[in-house]
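The values are calculated or read from the model by the stated rules, or taken from the named source; none is laboratory data. All values derive from a computational prediction rather than experimental measurement. All Cβ positions, glycine included, derive from the backbone under ideal geometry; neighbour counts span all protein chains shown. Remember, those area values only see protein heavy atoms, side chains included, never the ligands or the DNA or RNA. Shrake-Rupley method; radii C 1.70, N 1.55, O 1.52, S 1.80 Å.
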Amino acid sequence: MGRWQGLGLVLGVLLLLAIAMHQLAATHVAAAEDWTITSFHSAILVESDGQFDVTETILVDFGGSSHHGIVREIPVIYDYDQTHNRTYDLTIIGVTSQNGESVPFTSQPTGSFLSVQIGDPNVEGSGPRSYVIYYAVAGALNGFTDHDELNWNATGVWPVPIETATTTVTLPGPGLQRITCFEGPLGSTEPCASNSTDGSESFGTSR
C-alpha cells in the first residue's frame, strides 16, 4: 500500500536533504483519510559526539471528524547491502502540544519503523491540533576519511498529504562542505529549496 512521503536528509560536513512529497500510488490511500498535515517542521541539532537531537512540530487538521491522535512512523532500519541492514538507535524523549502541554504516547518497533502512537486513547479531538515530538538519534552519521555525512529521512511516511514540509539542521561548528536537497516521489533527484547560513542549514518543499 502506498504512503505519502515527506522529508529526508544528508549532512555533517556533507549535507543532503531529500524531500519526497508523495508516491503516486498513495493517491487512493489519501482519499480514504479525512485529515491533513498542514505543516511539518523538523529541527535537527547535531552534537559534537555524532548524536543528533530532533524536535518535530507537526500541525494537523482533523476537520469535523474526531480522532484520538496521530501515529508517527520513523524509519530506523535501512538496507545496507544484500545481506545486511543498518539500524539507528532512536530514543523518544517526549511529546507535547505547541503550548507545552504533555501529550501521552506509546512506541513500539513495527517492521523497519519505530511506530509512535500519540494521543490519549480515551479522548477524541477534532479541528486543528499540534504535536511536538522530541527524540535523540545515536550512531546515524556516516564516517569517511575526509568528512562525516548525515543521511536522514526527516518526515518518514504518512497516509495523508503534507501541505508544507521544512527542516533546519544546526551543526556543532564550521566545516560544512556540501548540501544537497531533493523533492518529489521517493528516489527523486529534483532539487528543492535550501539555504545555508553560518552553522545552520534550512530546507523546504517548493510544492
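What are the residues in the range 126-139 that are within 14 Å of the chain's Cα centre (by Cα) and either basic (Lys, Arg) or open to solvent by less than 30 Å² (accessible area, probe 1.4 Å) (or both), if any? Give the derivation first.
Taking the range 126-139 as the starting set, the residues that turn out to be within 14 Å of the chain's Cα centre (by Cα) are 131-137.
Scanning the range 126-139 gives Tyr131, Val132, Ile133, Tyr135, Ala136, Val137.
Residue by residue through the range 94-123, note down the ones that are assigned to a strand (DSSP E or B), among the small types (Gly, Ala, Ser) and without any contact (Cβ under 8 Å) to a residue 40 or more places away in the chain. Walk me through it before giving the result.
Applying the first criterion (assigned to a strand (DSSP E or B)) to the range 94-123 yields 94-96, 102, 105-110, 113-118.
Now restrict to residues that are among the small types (Gly, Ala, Ser): 94, 102, 107, 115.
Within the range 94-123, Ser102, Ser107 qualify.
Can you spot a residue in the range 178-188 that is aromatic (Phe, Trp, Tyr), closer than 30 Å to Ser102 by Cβ and either in contact with a Gly (Cβ under 9 Å, 6 or more places away or on another chain) or buried (at least 19 other Cβ atoms within 10 Å of the Cβ) (or both)? Steps first, answer last, please.
Going through the range 178-188, the residues aromatic (Phe, Trp, Tyr) turn out to be 182.
Next, from what is left, pick out any that are closer than 30 Å to Ser102 by Cβ: none.
The answer is no; no qualifying residue exists.
Among the charged types (D, E, K, R) and either surrounded by 15 or more Cβ atoms within 10 Å (Cβ to Cβ) or closer than 24 Å to Thr205 by Cβ (or both) - does that describe any residue in the range 102-120? Spell out the reasoning first.
We begin by selecting, within the range 102-120, every residue among the charged types (D, E, K, R); these are 120.
Still in the list and also either surrounded by 15 or more Cβ atoms within 10 Å (Cβ to Cβ) or closer than 24 Å to Thr205 by Cβ (or both): none.
Within the range 102-120, not a single residue is among the charged types (D, E, K, R) and either surrounded by 15 or more Cβ atoms within 10 Å (Cβ to Cβ) or closer than 24 Å to Thr205 by Cβ (or both).
Please go through the range 132-157 and pick out each residue that is polar (S, T, N, Q), farther than 23 Å from Ser107 by Cα and part of a loop (DSSP other than H, G, I, E, B).
Across the range 132-157, the qualifying residue is only Thr145.
Could you list all residues from the range 67-84 that are in contact (Cβ under 8 Å) with a residue 12 or more places away in the chain and not hydroxyl-bearing (Ser, Thr, Tyr)?
Of all residues in the range 67-84, those in contact (Cβ under 8 Å) with a residue 12 or more places away in the chain come to 67-78.
His67, His68, Gly69, Ile70, Val71, Arg72, Glu73, Ile74, Pro75, Val76, Ile77 - these are the residues of the range 67-84 that are in contact (Cβ under 8 Å) with a residue 12 or more places away in the chain and not hydroxyl-bearing (Ser, Thr, Tyr).
Tally up the residues in the range 63-93 that are open to solvent by 40 Å² or more (accessible area, probe 1.4 Å) and part of a loop (DSSP other than H, G, I, E, B), please.
Residues that pass the stated criteria total 8.
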